[in-house]
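Single-structure report; data block below.
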Amino acid sequence: MTTKGYNPYETARAQFDQVAEILNLDEGTRELLRNTQREYHFNIPVRMDDGSVKVFRGFRSQHSDARGPSKGGIRFHPEETVDTVRALSMWMTWKCAVVDIPLGGGKGGIICDPHNLSATEQERLCRGWVRQLAKNVGPVSDVPAPDVMTNPQHMLWMLDEYEVVSGGKYPGFITGKPVGMGGSLGRTEATGYGVIYTVREALKEMNIKPEDTKASFQGFGNVSQYAIQLYTKLGGKAICVSCWDQTDKKAYAFKKSDGICLDELLGITDKFGTINKDKAKDLGYEILDGNAWLEQDVDILVPAALENQINGDTVHKISSNVKIIAEGANGPTSLEADKVIKEKNIHLIPDFLANAGGVTCSYFEQVQCNTNYFWPKEEVLTKLDTKMTAAYKAVSELSKDKSLYMRDAAYVIAIDRVVQACKLRGWV
Ligand code: NAD
């Protein structure tokens with residue numbers, strides 16, 4: 001999970017320390033928020049299909065619940081680390097605060113590789129994780145969700161175990177459930193659409209019509225596909241998209257200067273987001289090197305695949321015509337590249353704002369579950385648009401007023417909201 005030498009918790013703390021300086025926070029507040037509020041580390045004994053018992057290590061970190069119940073995913077990964085979970089829980093606190101939803105930050109994990117576990121072993125692992133934590137999580141304290149290598153089925157097993165232990169029906173305990181079993185309509189679209197709601201607002205501020213713009217996307221999974229769908233619907237022209245090729249073990253970019261056709265590409269894409277390059281060639285696409293998505297002469301770049309993609313080596317390849325970078329992925333830009341983007345005066349919509357549509361919709365799922373009343377998809381997406389637009393505008397206004405880089409403005413707003421909650425509660 002953590003690349004050698006890189007500790008995400010150190011990065012998260014360094015980012016916090018920087019903003020603490022800008023906000024001139026006192027020592028007590030800094031101490032409170034640069035550390036996780038609460039965390040749990042535990043063993044999960046699982047009876048394997050062959051009758052043996054295997055013990056897995058599980059974690060849950062609750063960074064802050066000053067603004068509401070902690071919220072954040074559960075990851076299954078063989079190289080999961082406590083510090084990764086801690087950092088991610090801190091980032092969740094800021095993400096929920098920047099979109100102003102009444103939730104704090106949490107994250108959980110189990111060191112395991114689900115590829116090597118049968119479905120029944122995975123079910124027992126999910127139930128074991130909940131049994132260890134049932135008293136410390138729940139709809140009014142900490143609400144988990146799917147993340148790396150966990151899915152709606154895992155969430156439902158976890159919910160079922162929680163309800164058995166708690167003796168009642170609590171669908172608001174966990175989000176990311178299947179639609180029809182407490183899941184929310186619109187969750188599939190939420191992150192990609194959220195990215196484009198913020199891009200649309202940025203274009204409005206620049207007095208540019210979406211139909212006069214072109215964009216290039218990295219990744220062709222959930223976030224990218226729905227971002228392309230909405231961007232195209234608004235009139236924009238997506239000309240390039242890249243993805244990872246499982247067979248060749250490298251990335252390729254697919255380009256059509258007069259605009260890619262989403263449905264056409266979806267028809268030749270597998271469930272992992274890999275586009276079939278032979279079929280794409282037959283459809284008239286140019287097949288380019290994986291990094292080509294970033295070198296296109298476009299107005300908008302949307303990295304929506306992996307972390308650290310715009311870095312010291314690649315940032316100088318960005319065309320001078322690029323006006324907006326909307327970070328769909330988490331952490332796609334390195335610190336070094338961030339400085340260059342700032343100097344080039346490209347309008348950056350930072351990850352924890354741009355991709356917050358997902359957690360915002362999870363919050364809507366929780367609200368619907370807690371009231372046991374489910375909204376039509378249009379209502380979910382309209383509410384999502386309202387939230388994302390308001391969040392974008394607040395960050396953009398602060399950025400202009402105080403001449404702050406957009407990423408710094410977003411952090412200032414988010415951290416200040418959490419600080420105010422701590423102060424109002426009398427904690428600091
Ligand atoms: P996904 O698994 O659905 O799709 C990932 C895509 O990236 C695939 O098309 C894959 O081929 C491509 N990819 C992988 N390596 C690549 C490379 N080297 N070059 C080009 N493409 C590559 O994932 P997703 O859900 O779309 O998530 C994408 C990013 O957005 C991740 O950083 C994730 O953490 C972040 N994110 C997702 C959500 C969500 O709701 N899905 C919410 C917030 C943040």
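The values are calculated or read from the model by the stated rules, or taken from the named source; none is laboratory data. Since we're looking at a predicted model, the values are computed, not measured. Cβ: placed from backbone, ideal geometry, glycine included. Neighbour counts: every protein chain shown. Side chains are part of the model used for accessible areas, which takes the heavy atoms of the whole protein and leaves out ligands, DNA and RNA. Shrake-Rupley method; radii C 1.70, N 1.55, O 1.52, S 1.80 Å.
Applying a length cut-off of 15 Å (Cα extent along the axis) and a mean Kyte-Doolittle floor of 0.0 to the DSSP H helices of the chain leaves 82-98, 406-424.
The residues packed around Ser118, meaning those with a beta-carbon under 11 Å from its beta-carbon, carry a net charge of -3 if Lys and Arg are +1 and Asp and Glu are -1. Here the chain exposes an accessible surface that is 50 percent carbon and sulfur, computed with a 1.4 Å probe and the other protein chains kept in place. Fully extending the segment from Val53 to Glu378 would add 112.3 nm, taking 0.36 nm per residue of separation and subtracting the current Cα-Cα distance. Cβ-Cβ distance of Val367 and Ala134, R₀ of 25 Å, FRET efficiency by 1/(1 + (r/R0)^6): the value works out to about 0.65. Neighbours of Pro332 by Cβ distance under 9 Å: Lys/Arg scored +1, Asp/Glu scored -1, total -3. The charge dipole of the chain, taken about its Cα centre with unit charges on the Cβ of Lys, Arg, Asp and Glu (plus for the first two, minus for the last two), comes to roughly 740 debye.
For the listed peptides 360-370, 243-253, a ranking on the average number of other beta carbons within 10 Å per residue, highest first, reads 360-370, 243-253. The residues of the range 117-212 have, on average, 41 Å² of accessible surface per residue, using a 1.4 Å probe with all protein chains present. In this calculation the C-beta distance from Asp26 to Lys323 is compared with R0 = 41 Å, giving a FRET efficiency of 0.55. Annotation: for a label point projected 7 angstrom from Cα along Cα→Cβ of Phe272, residues of the range 112-127 with backbone N closer than 14 Å are 115. Sorting 119-125, 65-71 by their mean Cβ neighbour count within 10 Å, with the most densely packed peptide first, gives 65-71, 119-125. Farthest toward the positive end of the dipole of the chain, out of Gln296, Asn372, Tyr392, is the Cα of Asn372, where the dipole comes from beta carbon charges about the Cα centre. Charge dipole (Cα centre; +1 on Lys/Arg Cβ, -1 on Asp/Glu Cβ; no other charges) of the range 4-104 amounts to roughly 300 debye.
Segment Asn330..Cys261, full-extension length gain: 22.3 nm, with 0.36 nm per residue of separation and the alpha-carbon distance subtracted.
The residues of the range 1-94 expose on average 45 square angstrom of accessible surface per residue, using a 1.4 Å probe on protein heavy atoms. Please give the Cα centre distance for the range 272-324 versus the range 61-97, rounded to the nearest Å. Using only Cα atoms, the two centres lie 30 Å from each other. Projected label points at Ile208 and Asp17, each 7 Å from Cα along the beta carbon direction, are separated by 3.7 nanometres. Neighbours of Thr84 by Cβ distance under 12 Å: Lys/Arg scored +1, Asp/Glu scored -1, total -3. Only Lys, Arg, Asp and Glu carry charge here, each on its Cβ (+1 for the first two, -1 for the last two); on that basis the range 207-270 has a dipole of about 200 debye about its Cα centre. Residues in the range 375-427 average 48 Å² of solvent-accessible surface per residue, probe 1.4 Å, ligands and nucleic acids excluded. Using C-alpha pairs below 8 Å separated by at least 6 residues, the relative contact order for the chain is 16 percent. For Glu27, the accessible surface of its heavy atoms amounts to roughly 130 Å² (probe 1.4 Å, protein chains only, rounded to the nearest 10).
Farthest towards the positive end of the charge dipole of the range 173-297, among the residues Gly219, Gly183, Gly267, is the Cα of Gly183, using unit charges on the Cβ of Lys, Arg, Asp and Glu.
Relative contact order, whole percent, for the range 312-364 stands at 44, derived from Cα pairs under 8 Å and 6 or more residues apart. Quote the FRET efficiency, to the nearest 0.05, computed for Lys423 versus Lys393 with a Förster distance R0 of 25 Å and r equal to the Cβ-Cβ distance. The formula returns an efficiency of 0.50 here.
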